[in-house]
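Trainee: Could you have a look at this structure, given as C-alpha cells, before my questions?
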Amino acid sequence: MNHSLNRRHFLRSSTALIALPFLGSLGFRRFASASSGGEQVPRPKRLIFLGFGWGVTQDSWHPKIEQAGMDYTLPAGLEPLARHRADFSVVQGLLNKYNSNGHYGSTFWLTGANEFGQAGQSFHNTVSADQVAGEHLGKGARYDSLVLDCGAAAAASGHGQGLSLSWDIRGKPISGPKNPVEAFHRLFAKDTTPLEQQKAMLAQRRSVLDNALENARDLQRTLSKTDNAKLDEYFQGIRDIENRLSRDEKWLGVPQPEAPLKEPKSELAGYEEIRLMYAIMAAALQTDSTRVLTYRQPVSTLLTSLDIRIDAHTMSHYLGKGPEYLEASEKRDKAQSALLAELLDQLKAIQEPDGSCLLDHTTVAFGSNIRTSHSLDNCPTLLAGRGAGIKMGANIVVPKDTPLCNAWLTLMQGSGVPVERHGDSTGVLKQLLA
C-alpha cells in the first residue's frame, strides 16, 4: 500500500504497539480488499459453540432421514430459523461413542474423551475443540477464547461435570462469566487502575510464579515416577498461567473497546438472559475482542421464563407421558431456535470492511450430546455460517455413529486451524464440505 497509516490506527502502551482491526471509519475500507497486486485481504475466521442439555424433541426437531439433501421439509422445531434456511445445515448420525451418561449434555461434547480413559481415575477429560481453535485463531485478539456459562443452573440444565463447555490441555474445567453482566464487564469494563500499578501487579504475579517453579523443580528430583507425572501436569498449569500473563502484559495500557450495546440488567434469566448473552457474543466478535466463543446454556430457567411448570429433566422424558410434556419439549425447541435465529440476524447485520458480513467468516455450532431423554445417539447438530467452508442449506446424513469429533475436526480445519485429529475423530466429514 502506498498510503501511510495514521497513528490513530494503532493503540500504544509502554510495552506494546497493537494494530486495531480494520475499521472503515478510520479509512480502512477503501484498501481493506486491496494490496499492491489487488489481492483480497482475508478476514479472520471465528467459531461459536452453543451447547445445551436434555436434547431435543426427536420427531419434530430432526428433519426426516429419507429427505437427505437440499430439498427437505423444515421440521417444526426449526421453523423459527426458516429465514436463515440457506445459512445453516443439520447434520445427522453423529455420536460421542465414549459418552455414556444421559445427564451429561456438554461435559464431553467438545472433547470426545473417554470418561474412564485413564487408569485409576473415575473421571477423565481432554482438551475441548474451542481451546484448540482459540490457540490458533485467537492470535491478535485480546482473548484467545471467551468462555460463557449459566452458573448454578448448569446441573438442572443437563450439563454434568465442568464449569463451562471448555476444558484445557490437561483436561481440567475452565470457568468463565456466568451471566450477561459478568460477560459485559469482562469485555467492556474500563480498568481505572493506574498503568504503573498494573505493571507492578503483573511483576508480582511473575515473581510468585517463578518462585513456585523453582521450588517445584527442586522437589522433582526426589519424587517417584507417578508423582513426577502429576508434577508434569502442574508444570503445564504453570505454563498456561505464564501464557495468560504474557497476553495480559501485551495488552497493558490498551483500553477496552467501546461497547456496541448497553450494560445489561442483573435480574435477567432464561429467555432474555440467553438473548442478551447472544448479543454480547456478537459484540465480542464485532469488536474483535475474541474469535472463539463457547456458551453452556441454561435450560431450566428457559422453561421457567416460558411459563412451563414441568422441570427440565422430567420434560426430557416426554415419551410415554401426557401431552403436556411433549408440548413443553416442543415449546423449548422453538424458543431455542428463535433465539438462534436472532443471533444469526445480528451476525448478518454486522458488516465487515470488505463489504461482507460477519456470518460469512463465522461458523456457529449448536447442539448437545443428548438426543432426547437418556438417548445419546444422533447428537442434535446444527451448523450455521460460511466461515469454515461448510455446505449450507442441507439436511446432511452421515453414516450412523460417525464420531461427533469428525465434525469439530472439519470445522477447525475449514477455519484454518492446523490440527490433524481431535478427540476420537477418524477424519474430516467430506459430506459437510461445500
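Trainee: Is it the case, given these coordinates, that Ala341 is within 17 Å of Ile48 (Cβ to Cβ), buried (at least 18 other Cβ atoms within 10 Å of the Cβ), at pLDDT 95 or above and among the aliphatic types (A, V, I, L, M)?
Mentor: Taking the combined requirement at face value, the residue satisfies it.
Trainee: Among residues belonging to the range 285-301 that are out of contact with any strand residue (DSSP E or B) (no Cβ under 6 Å at 6 or more places or on another chain) and closer than 25 Å to Trp408 by Cβ, point out the one that is surrounded by the fewest Cβ atoms within 10 Å (Cβ to Cβ).
Mentor: Out of the qualifying residues, it is Asp288.
Trainee: Return yes or no: is Asn369 in the same structural domain as Pro298 (by TED's automatic domain parsing), farther than 15 Å from Ala86 by Cα, surrounded by fewer than 24 Cβ atoms within 10 Å (Cβ to Cβ) and in contact (Cβ under 8 Å) with a residue 12 or more places away in the chain?
Mentor: So Asn369 does not fit the description; no.
Trainee: OK, next. Quick check on the range 303-330: of everything there that is in contact (Cβ under 8 Å) with a residue 60 or more places away in the chain and among the hydrophobic types (A, V, I, L, M, F, W, C), which residue is farthest from His159 (Cα to Cα)?
Mentor: Among them, the one singled out is Leu326.
Trainee: So, one more: Can you tell me how many residues in the range 139-169 are crowded, with 21+ Cβ neighbours inside 10 Å, modelled with pLDDT under 90 and touching a Lys or Arg at 6+ places or on another chain (Cβ under 7 Å)?
Mentor: Residues that pass the stated criteria total 1.
Residue by residue, here is whether (1) part of a helix (DSSP H, G or I); (2) loosely packed, with under 15 Cβ neighbours inside 10 Å; (3) of a type outside the set (D, E, K, R); (4) modelled with pLDDT of 95 or more holds:
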residue	(1), (2), (3), (4)
Ser246	yes, yes, yes, no
Val254	no, no, yes, no
Pro264	no, no, yes, no
Leu276	yes, no, yes, yes
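Trainee: Mind telling me which of the residues Ile396, Ile310, Ile390 ends up being within 20 Å of the chain's Cα centre (by Cα), on the phi < 0 side of the Ramachandran plot and of a type outside the set (S, T, N, Q)?
Mentor: Just a single option satisfies the conditions, and that option is Ile390.
Trainee: Taking Gln351 and the conditions (1) crowded, with 20+ Cβ neighbours inside 10 Å; (2) under 25 Å from Ala282 (Cβ atoms), which numbered condition does it fall short on, given that it satisfies the others?
Mentor: (1)
The values are calculated or read from the model by the stated rules, or taken from the named source; none is laboratory data. Everything quoted here is computed from the prediction, not taken from an experiment. Positions of Cβ are backbone-derived with ideal geometry, glycine not excepted, and every protein chain shown enters the neighbour counts.
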